[in-house]
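Written below as structure tokens is the structure these notes are about.
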Amino acid sequence: MANAPFELRGKSVYVAGHRGMVGAALVRRLAREDVNLVTVDRREVDLCNQAAVFDWFAKARPQVIFLAAAKVGGIVANNTLRAEFIYDNIAIAANVIQAAHLNGAEKLMFLGSSCIYPKLAPQPLREDSVLTGPLEPTNEPYAIAKIAGIKMAEAYRSQYGSDFISVMPTNLYGPGDNYHPELSHVVAALIRRFHEAKVAGAKSVIVWGTGTPRREFLYVDDMADACVHLMKTYSSAELVNIGTGEDITIAEFARVVAAIVGYGGEISFDTSRPDGTPRKLLDVSRLAKLGWRATTSLEDGVRRAYAAYLSHT
């Protein structure tokens with residue numbers, strides 16, 4: 001699985017989705033590498049527009065691509081914007097991967113999501129469990145689009161010998177997260193909810209669901225470091241999970257966030273709200289064998305994420 005190191009030094013490196021939480025973390029991490037970093041704003045190039053993407057790639061000709069652009073969101077967004085989630089994410093993957101191939105890119109990394117795994121797949125989730133069972137219905141369109149991206153990277157490697165690889169990050173959080181009340185993931189949603197409750201002096205905070213689902217959380221700058229490590233050291237059709245290998249219940253996690261935010265009120269659970277997947281823990285043994293482990297503790301990560309939230313409120 002591990003190959004001769006891929007040299008990033010001096011290369012033109014394009015981060016697709018550099019304004020998002022994931023892409024911004026990659027930009028921060030790549031600043032420590034001797035690369036020519038290339039980004040382009042959505043206003044200039046809409047990655048859903050094939051002609052625009054092809055034109056831009058023909059001019060810019062990036063040698064290395066981190067494909068981190070995606071339309072993302074929590075349970076509500078995934079369930080209500082189903083057409084947008086499947087169309088936009090398939091279009092982004094198809095356009096960028098084909099453009100990279102047509103313009104002779106040396107290497108591409110496609111960033112997926114742990115929602116690609118079947119709802120009831122054995123835990124922890126191994127990379128080979130993709131397509132072995134039904135997906136979680138609430139985010140199926142997004143998951144299908146991400147699976148399509150993985151299979152595209154595999155197909156281009158098989159047919160053209162392209163050095164295209166895929167990685168699957170677990171639940172991410174950190175600077176640049178989406179704190180919209182109805183479009184956010186669980187970490188951002190809880191940071192915002194507990195902060196607003198503290199400011200308002202609220203006696204209780206309601207957390208969606210039963211609090212029993214178990215989730216794994218990875219600080220986004222750790223994920224970016226793993227991606228750069230894998231871009232340099234990995235070249236294979238098999239995807240690689242990126243996570244901590246540890247999980248926590250939503251209830252326990254809510255208490256961690258409340259303590260860091262400084263909220264001392266009651267935490268209650270709205271059991272009429274959906275829980276989503278019962279457990280989601282990635283098997284990170286392949287990543288560990290490739291020489292990488294997460295270094296940011298949950299408490300430190302949430303502390304940094306809260307500081308970033310405060311600096312933008």
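The table that follows gives values for the structure above.
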{"read-out": "Extension reserve of the Arg61-His312 stretch, reckoned as 0.36 nm per residue once the Cα distance is removed", "value": "86.9 nm"}
{"read-out": "Rg to Rh quotient for segment 258-313, alpha carbon positions, Kirkwood Rh", "value": "1.09"}
{"read-out": "Beta bridges by DSSP in the chain, antiparallel share as percent, to the nearest 5", "value": "10"}
{"read-out": "Charged-residue dipole, Cβ positions (Lys, Arg, Asp, Glu), the chain about Cα centre, Debye nearest 20", "value": "220"}
{"read-out": "Helix-derived mean residue ellipticity, 222 nm - over the chain, DSSP H n ≥ 4, -39500 (n - 2.57), to 500", "value": "-13000 deg cm²/dmol"}
{"read-out": "Segment 1-120 - Rg over Rh from alpha carbon coordinates, Kirkwood radius", "value": "0.98"}
{"read-out": "Summed residue charge, Cβ within 15 Å of Gln63's Cβ, Lys/Arg positive, Asp/Glu negative", "value": "+1"}
{"read-out": "Reach of Lys198 by Cα under 14 Å, taken over aspartates and glutamates that are not fewer than 8 positions away in the same chain", "value": "Glu266"}
{"read-out": "Relative contact order computed over segment 168-307 (Cα-Cα under 8 Å; 6+ residues apart), in percent", "value": "37"}
{"read-out": "Per-residue Cβ neighbour rank within 10 angstrom, fewest leading, Val261, Val76", "value": "Val76, Val261"}
{"read-out": "DSSP beta bridge pairing in segment 176-313, given as percent antiparallel to the nearest 5", "value": "20"}
{"read-out": "Sites His229 and Ile144, calculated FRET efficiency, Cβ-Cβ separation with R0 22 Å, nearest 0.05", "value": "0.20"}
{"read-out": "Rg to Rh, two decimals, where segment 113-161 supplies the alpha carbon set and Rh follows Kirkwood", "value": "1.02"}
{"read-out": "Relative pair counts by distance (%), Cα atoms of the chain, 20 Å bins", "value": "33, 58, 9, 0"}
{"read-out": "Full-extension gain in nm, Thr271 to Asp300, via 0.36 nm per residue minus C-alpha separation", "value": "7.5 nm"}
{"read-out": "Kirkwood hydrodynamic radius of segment 81-141, Cα pairs, Å", "value": "13.5"}
{"read-out": "Candidates per GluC sites (Glu not before Pro) in segment 167-223, loop by DSSP, up to 14 other Cβ within 10 Å", "value": "Glu182"}
{"read-out": "Cα convex hull volume per residue for segment 98-185 (Å³)", "value": "134"}
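No value in this document is a laboratory result; all are computed from the given coordinates. Treat the numbers as computed from the prediction; the structure is a model and nothing was measured. Note that each Cβ is placed from the backbone with ideal geometry, even for glycine, and that neighbours are counted across all protein chains shown.
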